[in-house]
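The values are calculated or read from the model by the stated rules, or taken from the named source; none is laboratory data. Being a predicted model, the structure only gives us computed values, none of them experimental. Counting neighbours? That spans all protein chains shown, and the Cβs are built from the backbone with ideal geometry, glycine included.
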Amino acid sequence: MSAPLRQGELAEATVVPVALGERAYDIAIGRGLLASLGARIGGLRPGAKCALVTDATVARHHLAAAEASLTAAGIASARIVVPPGEGSKSYATFQQVCEQIIAARIERGDLIVALGGGVIGDLAGFAAASVRRGLDYVQVPTTLLAQVDSSVGGKTGIDSPLGKNLIGAFHQPILVVADTALLDTLPKRDFRAGYAEVAKYGLLGDAAFFAWLEKNWQGVFSGEQSAGNLAREHAIAVCCRAKANIVARDERETGERALLNLGHTFGHALEAAAGFSGRLLHGEAISLGMALAFDFSARKGLIAAAEAERAKAHLAAVGLPTHLKDNPGGTPGVDRLMDLIAQDKKVKRGALTFILVRGIGQAFVESDVDPAEVRTFLTDKLSA
Ligand SMILES: NC(=O)c1ccc[n+]([C@@H]2O[C@H](COP(=O)([O-])OP(=O)(O)OC[C@H]3O[C@@H](n4cnc5c(N)ncnc54)[C@H](O)[C@@H]3O)[C@@H](O)[C@H]2O)c1
Ligand SMILES: [Zn+2]
């Protein structure tokens with residue numbers, strides 16, 4: 001539960017700045033921060049009113065506290081509640097959200113508040129980018145995945161029937177408030193899936209953080225602050241700092257930002273094969289994808305086999321899948337997998353782009369991968 005705060009009082013927060021010039025903003029991270037949402041918004045946009053967009057599940061747990069914080073700061077708000085799940089990143093729900101924002105008389109100078117996981121952040125962020133050619137918005141991420149990844153960086157959007165995230169815009173929030181206590185109500189499986197993205201930051205660029213996670217992951221999962229355990233807050237702050245730095249250098253993903261896709265080429269193919277259903281969560285697919293990226297790097301002689309084993313051992317220790325035979329979504333044959341990989345990546349002059357590694361914490365973009373080599377690798381993996 002969030003610690004109660006008196007009006008105007010700001011809970012102790014770690015603040016990570018995202019340096020994007022005139023689009024710069026802060027990510028505030030800490031237990032109990034939801035109570036300070038109204039005061040923070042009031043400080044940034046005095047007099048603005050808000051449309052709070054959330055899903056029905058998050059609403060049940062946290063909407064009342066969010067609204068109470070806004071009310072205490074004298075901020076008027078309308079609520080827009082959509083069904084939970086990826087299905088809400090649709091044209092139909094997007095239309096409903098936009099119409100409700102307009103009906104609530106949210107105008108330029110007012111704010112959209114996205115209270116939820118990555119689905120709500122992407123949907124509400126895209127509505128904010130679109131209504132009246134762009135409204136400011138605040139992210140209040142409620143899943144681990146959203147706190148370390150989707151709420152930061154300004155990618156917003158919805159799904160097309162032809163593919164995920166194909167309709168969207170870059171639109172940066174003006175503030176991110178990551179209250180780590182909100183994760184206490186998240187189902188364990190969703191928390192664990194989000195943890196795959198936490199581990200990803202260590203694996204792609206920060207070997208010391210990965211070693212820290214190997215020792216401290218249990219504290220991140222429990223989130224208990226008794227005995228001064230700030231492991232969860234520390235982990236989220238490290239991830240946000242890493243993403244903020246990458247985004248500040250490459251906002252529109254023309255280069256370095258692609259490193260954040262470690263494990264995502266293989267992972268997206270597995271997600272697509274499972275029909276983007278609840279059978280295989282995004283983070284579970286990314287865990288499998290990172291395991292494959294490390295094994296593929298080992299096979300290419302880029303890293304020692306023991307380094308790949310170490311990466312996989314940590315993912316397995318927290319309960320994430322690392323073997324295709326453990327894929328809860330079911331793994332298709334190599335022909336289908338290769339088709340899905342080619343669709344996701346668009347083969348350029350016969351070559352595929354993958355994020356590979358020269359070690360834990362040393363990912364790089366390899367844009368000249370021979371599809372035949374990937375096919376042989378996957379064939380071996382599938383028969384192992
Ligand atoms: N924009 C980006 O940069 C970016 C990056 C990564 C992923 N994404 C997108 O994020 C989405 C996945 O996000 P997600 O994993 O957060 O999924 P989600 O938003 O669907 O949340 C997962 C489930 O948890 C529930 N939930 C959320 N917060 C809760 C809480 N505190 N307590 C209890 N239940 C809670 C939700 O209702 C939902 O059922 C995908 O659509 C993906 O494309 C976007
Ligand atoms: Zn991801």
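Quick one: which of G301, G319 is over 26 Å from the mean Cα position of the chain (by Cα) and either surrounded by 14 or more Cβ atoms within 10 Å (Cβ to Cβ) or not in a helix (DSSP H, G or I) (or both)?
One residue alone meets the criteria, G301.
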Check your understanding: Can you name every residue in region 234-276 that is more than 16 Å from ligand 2 (Cβ to nearest atom) and of a type in the set (V, I, T)?
Key -> V238, T254
Exercise for review: Tell me, please, whether a residue that is over 17 Å from H314 (Cβ atoms), within 16 Å of ligand 2 (Cβ to nearest atom) and either under 17 Å from the mean Cα position of the chain (by Cα) or surrounded by 21 or more Cβ atoms within 10 Å (Cβ to Cβ) (or both) can be found in region 196-211.
Suggested key: no
Check your understanding: Is there a residue being within 13 Å of ligand 1 (Cβ to nearest atom) and under 23 Å from K188 (Cβ atoms) anywhere in region 250-260?
Key -> no
**Study point:** Residue list for region 261-271, filter: in contact (Cβ under 8 Å) with a residue 40 or more places away in the chain and either closer than 27 Å to D250 by Cα or in a loop (DSSP other than H, G, I, E, B) (or both)
**Key:** N261, L262, G263, H264, T265, F266, H268, A269, E271
Check your understanding: What are the residues in region 140-155 that are among the charged types (D, E, K, R) and more than 10 Å from K243 (Cα to Cα), if any?
Key -> K155
Point to revise | Close pairs (6 angstrom Cβ cut-off, 6 or more residues apart or separate chains): closer than 19 Å to E366 by Cα in region 286-314, acidic (D, E) and assigned to a helix (DSSP H, G or I) anywhere | key: A308/D295
Revision key, fill the gap. When region 123-139 is checked residue by residue, the ones that are buried (at least 24 other Cβ atoms within 10 Å of the Cβ) and part of a strand (DSSP E or B) are Y137, V138, Q139
Review point. So which of I120, I158, I101 is within 12 Å of ligand 1 (Cβ to nearest atom) and in a helix (DSSP H, G or I)?
Key: I120
**Study point:** Single match in A127, A114 (criterion: touching a Cys at 6+ places or on another chain (Cβ under 6 Å) and either at pLDDT 95 or above or within 16 Å of ligand 2 (Cβ to nearest atom) (or both))
**Key:** A127
Review point. What is the number of the single condition among (1) over 13 Å from the mean Cα position of the chain (by Cα); (2) part of a strand (DSSP E or B) that A178 does not meet?
Key: (1)
Point to revise | Matching residues in region 275-295 - criterion: being under 16 Å from R336 (Cβ atoms), of a type outside the set (G, A, S) and assigned to a helix (DSSP H, G or I) | key: L288, L292
Practice item. Given the conditions (1) free of Cβ contacts under 8 Å to residues at least 60 places away in the same chain; (2) touching a Leu at 6+ places or on another chain (Cβ under 6 Å); (3) not aliphatic (A, V, I, L, M), report the number of the one that D122 does not fulfil. Key: (2)
Review point. In region 327-358, which residues are of a type in the set (D, E, K, R) and exposed (fewer than 14 other Cβ atoms within 10 Å of the Cβ)?
Key: D335, R336, K346, K348, R349, R358
Practice item. Could you list all residues from region 197-224 that are over 13 Å from C240 (Cα atoms) and touching a Ser or Thr at 6+ places or on another chain (Cβ under 9 Å)? Key: G223
Check your understanding: Can you find even one residue in region 368-375 that is in a strand (DSSP E or B) and either touching a strand residue (DSSP E or B) at 6+ places or on another chain (Cβ under 7 Å) or surrounded by 14 or more Cβ atoms within 10 Å (Cβ to Cβ) (or both)?
Key -> yes
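Report yes if some residue within region 56-63 is closer than 29 Å to R232 by Cα and basic (K, R); otherwise report no.
yes
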Check your understanding: Hey, any hits in region 146-154 for a residue that's near ligand 1 (Cβ under 9 Å from one of its atoms), more than 14 Å from A178 (Cβ to Cβ), surrounded by fewer than 24 Cβ atoms within 10 Å (Cβ to Cβ) and not hydroxyl-bearing (S, T, Y)?
Key -> yes
Point to revise | Scope region 43-60; condition in contact with a strand residue (DSSP E or B) (Cβ under 6 Å, 6 or more places away or on another chain) and more than 11 Å from L111 (Cα to Cα); matching residues | key: T54, D55, A56, V58, A59
